[in-house]
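Any read-out appearing in this document is the output of simple, stated calculations on the displayed coordinates, not a laboratory observation. All figures in this text were calculated on a predicted structure; none of them were measured in a lab. Glycine gets a Cβ as well: all are built from the backbone with ideal geometry, and neighbour counts include every protein chain shown.
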Amino acid sequence: MPESAFVDLGDLPLGEGGHLLLKRALWQAGAGERVRVSGSASTLAVDLAPWCRQQGHELLELVTTEPGVSATIARGQALGARHRGAERAGHAVASRPDAVVDKPPERWGLAARGALVEAGTPRFGFTLDDKDAVWTDDASRLYAQAVAAQWDPATAIPWAEAPALPDAVEDAVVQLMTYLIENETAALILPARFIARLHPHFREVMQLLAVQAADEARHIEVFTRRALLLRSELGLSTAGGQASLATLLDEPDFALASFLLSVLGEGTFLSLLGFLREHAPDPVTEAVARLTARDEARHVAFGMAHLVRHAGRDPALLPRLAAAVERRHDALANTAGLNDEVSDALLLLAAGSFEPPALRQGHARVMTLVADMDAGRRQRLVRLGFPEAQAEQLSALHTRNFM
Amino acid sequence: MTEPRTLIMGAVAYDPKVVTIWEGFKAWFAPAGLAFDYVLYSNYEAQVQAHLAGHLHVAWNSPLAWLQAERAAARRGRRAEAIAMRDTDRDLTSLILVRADSPIESVAQLSGKRVGVGASDSPQATLLPLLHLAEAGLEPHRDFQVVEHDALFGKHGDHIGGERDAARALVAGTVEAACVIDGNHLAFTREGTLPSNGVRVLAQTAKYDHCNFTVFDDAPASLVSRFRELLLSMSYDDPVVRPLLDLEGLKQWTVGRTEGYAALGRAIDRFGSIDAFLAQVG
């Protein structure tokens, strides 16, 4: 029999923290080994037996001393049972080798990546659990960047600097904001839906999607606030616009949804917001467009990063992405596309007035915008691995509603 | 007589977790070849009566329910057996607490005082501590006032609420002493119901045992045998049963024994606690 470990509780009662000292001593002892404990708390004599009983240890001897008691306890089998059969769920630091596994098991559930997970945890059913489909090594960096780049709508935008604009121009701004709000609503809902399905093992992706949803919440706020700055009502929401967004929300596949939303939709929005910033009739609209574009660029970067990785590992991905564009195009073939109100508003903003030469120039600028959008899409498609010709063809099939 | 295919167990629903526990065990028994089901009762008296009437094969009984079952069976010429119990059902004690600054230094000094107890049918928080005082010469209700804290009568003190109320009454000064099971002294200290250095242990009962699985001599022998065998084989190392064992408050099932109910037997004899029940069941 090895020498018993000894712990003196002094006058600390077992119920006021003394159990931690005893537990530590038992933990350090091996299974079946003995620990001697002494203490002078008046209740120690009556607390030791129930504590041992509840913890599965055996109280071998209890001797009254003056003052207090001295006892001998044999460590039971139950201590440490939660560690037996437990497994390490990867590693918290994503850059470590084997930190992020290809297919995290359901049983890891909500456990922190890197935690030691007790056997017998409930199954959660996170269906988005394939590293190839969701992961990018850039996720940590993009998340850090996203958190650092958060801005406060109350102070980042010069709300007091909105001059009175001609009615038609102000109407155009309000219509564009109305259009942007519903698009950003779709862009909020989509990542939020995927967060709920994503295995929390892919922590950085989960965090990034959460910030993405929060970005969109802020965008909805500032677009609404700009629209109501000088008006009491918002503009028109069209059936065609919503039909286009409905096809986005209907997409259950993460890769395809991310492709349609982030790469094609938000990618196209980068050009649109750039256009709005350049032709903004007032400093508030300029700031709103500039700040939201910055966030959107990050969303596009994440979409590109995980899809490039995914495409590199799964040769079947590019044909699936192409088919998704074609399917969406077919689904939208009989809808109106971008509503007249939005396209007219863009033209008017770019023109600045109803003077015919200005309108001609505005039209030319909108044509340039459309060409820029197309060029951006083609460039991203090529980066994903599509041949130039197919990129051109797929870009042309992108929704006329931009998002 | 052919044996039934399914073993039916009775338990008292003193808490919603009872469903989780027995559903879990039922699922664990099935692949081990034991068809098992359970019936819940709202009070032990109903469960004992149902058991006597043959509605169930095995009952998860409180110590008082064990004595009710054993004595009612004996009156009918039948025999009850405790087939298994938790490791935590063995060798419990109850404490009679006073405030640390109380002038009461001996049991005799409780004469004329108010003693807080748990539910009137709680072995651990009422019957056994009152027996301890009675055997020390202080007759409840005659020599001192018994202040009951009834929580869920019929559940034999399984619910912790009555004991906690007794402990609170002690702290508040509405009673001069309070009776609790030893484990609850620790629990009430840890949760702060009993303040640091606020109470003193005036007396401690002798050791006694708590719940058991009870069968009568006409129980389906092979089903009961398999049930007992499976209970005893459960390991805290098994991640499937571990949460159920945690909920039921044990680390290991052990064989049953009945010596630990002697003191409670004396208590009910002395106080007539189950006389009306026995008269009713005949």
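Putting +1 on Lys and Arg Cβ atoms and -1 on Asp and Glu Cβ atoms, find which of A:G30, A:L347, A:P163 reaches farthest to the positive end of the dipole of chain A.
Selected residue: A:G30.
Can you tell me the relative contact order of the stretch B:94-204? Whole percent, Cα pairs under 8 Å, sequence separation 6 or more.
43 percent.
Cα gyration tensor of chain B, axes a ≥ b ≥ c as square roots of the eigenvalues: rounded (a/c below 1.5), prolate (a/b > b/c) or oblate?
The shape class here is prolate.
Can you give me the Kirkwood hydrodynamic radius for the protein assembly as shown, using every pair of distinct Cα atoms, in Å to one decimal?
About 31.3 Å, per the Kirkwood formula over Cα pairs.
Output the 0 to 90 degree angle, nearest 10, between the alpha-carbon long axis of helix B:262-271 and the longest principal axis computed from the alpha carbons of chain B.
60
Before rounding to the nearest 500, sum -39500 (n - 2.57) across all DSSP H runs of length at least 4 in chain A and divide by the residue total; then give [θ] at 222 nm in deg cm²/dmol.
For chain A, the value works out to -18000 deg cm²/dmol.
Can you sort A:R298, B:R266 from fewest to most other Cβ atoms within 10 Å of each residue's own Cβ?
B:R266, A:R298
About the Cα centre of the stretch A:5-74, what is the dipole size in debye to 20, counting +1 per Lys and Arg Cβ and -1 per Asp and Glu Cβ, all else neutral?
240
Let me know the charge dipole size of chain A about its Cα centre in debye, to the nearest 20, where only the beta-carbon of Lys, Arg (+1) and Asp, Glu (-1) is charged.
1180
What are the ³J(HN,Hα) values, in whole Hz, obtained from phi via the Karplus relation 6.51 cos²θ - 1.76 cosθ + 1.60 with θ = phi - 60°, for each residue of the stretch B:207-222 in sequence order, with x given for Gly and Pro?
Each residue of the stretch B:207-222 in turn: 5, 9, 10, 10, 6, 7, 8, 10, 10, 9, 5, 9, 5, x, 4, 6 Hz.
For the Cα atoms of chain A, what angle does the longest principal axis make with the long axis of helix A:283-313, in degrees from 0 to 90, nearest 10?
That helix lies at roughly 60 degrees to the long axis.
Amide H to amide H under 5 Å from A:V117: which residues, 5+ apart in sequence or cross-chain, H placed 1.01 Å off N in plane?
Those qualifying (amide H under 5 Å, at least 5 residues apart or on another chain) are A:E87, A:R88, A:A89.
Please work out how much length the chain gains when fully extended from A:S95 to A:H329, using 0.36 nm per residue of separation minus the C-alpha to C-alpha distance, in nm with one decimal.
Between A:S95 and A:H329, full extension yields 80.3 nm more.
Remind me, what semi-axes does the stretch A:15-173 give for its equivalent ellipsoid, largest first in whole Å, using sqrt of 5 times each Cα gyration tensor eigenvalue?
Whole-Å semi-axes of the equivalent ellipsoid: 58, 26, 13.
Separation of the stretch B:117-135 and the stretch B:1-53 by C-alpha centroid, Å?
29
How would you classify the stretch B:94-204 from its alpha-carbon gyration tensor, with a ≥ b ≥ c the square roots of the eigenvalues: rounded for a/c under 1.5, else prolate if a/b is greater than b/c, otherwise oblate?
Oblate shape, in that a/c is at least 1.5 and b/c is the bigger or equal ratio.
Using amide H atoms built in the peptide plane, which far-off residues or other-chain residues are under 5 Å from A:A5 H to H?
A:R34, A:R36
Amide H to amide H under 5 Å from B:I181: which residues, 5+ apart in sequence or cross-chain, H placed 1.01 Å off N in plane?
Here B:L95 satisfy the definition.
Normalised radius of gyration for chain A, please: alpha carbon Rg relative to 2.2 N^0.38 Å, two decimal places.
Here the answer is 1.44, to two decimals.
Could you give log10 I(q)/I(0) at q = 0.21 Å⁻¹ for the stretch A:5-74, computed by the Debye formula over C-alpha point scatterers of equal weight, without solvent?
Normalising to I(0) and taking log10 leaves -0.78.
Can you tell me the relative contact order of chain A? Whole percent, Cα pairs under 8 Å, sequence separation 6 or more.
Worked out over chain A, it gives 14 percent.
Given the options A:L256, A:A210, A:A316, identify the residue whose Cα lies farthest towards the positive end of the charge dipole of the protein assembly as shown (+1 on Cβ of Lys, Arg; -1 on Cβ of Asp, Glu).
Sorting the options by dipole projection puts first A:A316.
Name the residue farthest towards the positive end of the dipole of the stretch B:94-204 from the options B:V147, B:A187, B:V115, assuming +1 on Cβ of Lys and Arg, -1 on Cβ of Asp and Glu, about the Cα centre.
The Cα lying farthest towards the positive end belongs to B:A187.
Once the Cα atoms of helix B:161-172 and of chain B are each reduced to a long axis, what angle between those two axes, in degrees from 0 to 90 to the nearest 10, is obtained?
10
Return B:F144, B:F188 ranked ascending by Cβ neighbour count within 10 Å, so the fewest neighbours appear first.
Least to most surrounded, the residues fall as B:F144, B:F188.
Can you compute 3J(HN,Hα) from phi for each residue in the stretch B:90-99, using the Karplus curve 6.51 cos²θ - 1.76 cosθ + 1.60 with θ = phi - 60°, rounded to whole Hz and x for Gly and Pro?
Coupling constants for the stretch B:90-99: 9, 6, 7, 9, 10, 10, 10, 9, 10, 5 Hz.
Hey, what did the stretch A:5-74 get for relative contact order, percent, Cα under 8 Å, at least 6 apart?
Relative contact order here is 34 percent.
Tell me the mean residue ellipticity at 222 nm calculated for chain B from its helices only (DSSP H runs of n ≥ 4, each -39500 (n - 2.57), averaged over every residue, nearest 500).
Computed ellipticity for chain B at 222 nm equals -10500 deg cm²/dmol.
Which of rounded, prolate or oblate describes the stretch B:193-272 when judged by the alpha-carbon gyration tensor and an a/c cut-off of 1.5?
Here the stretch B:193-272 falls in the oblate category.
Quick check: residue separation of B:D37 and B:Q145 times 0.36 nm, minus the Cα distance between them. What number comes out in nm?
Working it through step by step, the gained length comes to 34.5 nm.
Could you give the size of the charge dipole of the protein assembly as shown about its Cα centre, using +1 on the Cβ of each K and R and -1 on the Cβ of each D and E, expressed in debye and rounded to the nearest 20?
Roughly 1280 debye for the protein assembly as shown.
Distance in nm between label sites at B:E3 and A:Q390, each 7 Å beyond Cα in the beta-carbon direction?
Each label point lies 7 Å from its Cα, and together they span 6.7 nm.
Pick from A:L230, A:L26, A:L142 the residue whose mean-square fluctuation is largest in a GNM of chain A, springs joining Cα atoms under 10 Å.
A:L26
What is the order of B:W253, A:W27, fewest Cβ neighbours within 10 Å to most?
A:W27, B:W253
For chain A, set up a GNM with springs between Cα atoms under 10 Å and report which of A:D130, A:D47, A:D215 has the largest fluctuation.
A:D47
With θ taken as phi - 60° and the coefficients 6.51, -1.76 and 1.60, list the Karplus ³J(HN,Hα) couplings across the stretch A:76-87 in order, rounded to whole Hz; mark glycine and proline as x.
Once θ is set to phi - 60°, the couplings for the stretch A:76-87 become x, 6, 5, 4, x, 4, 5, 7, 6, x, 6, 10 Hz.
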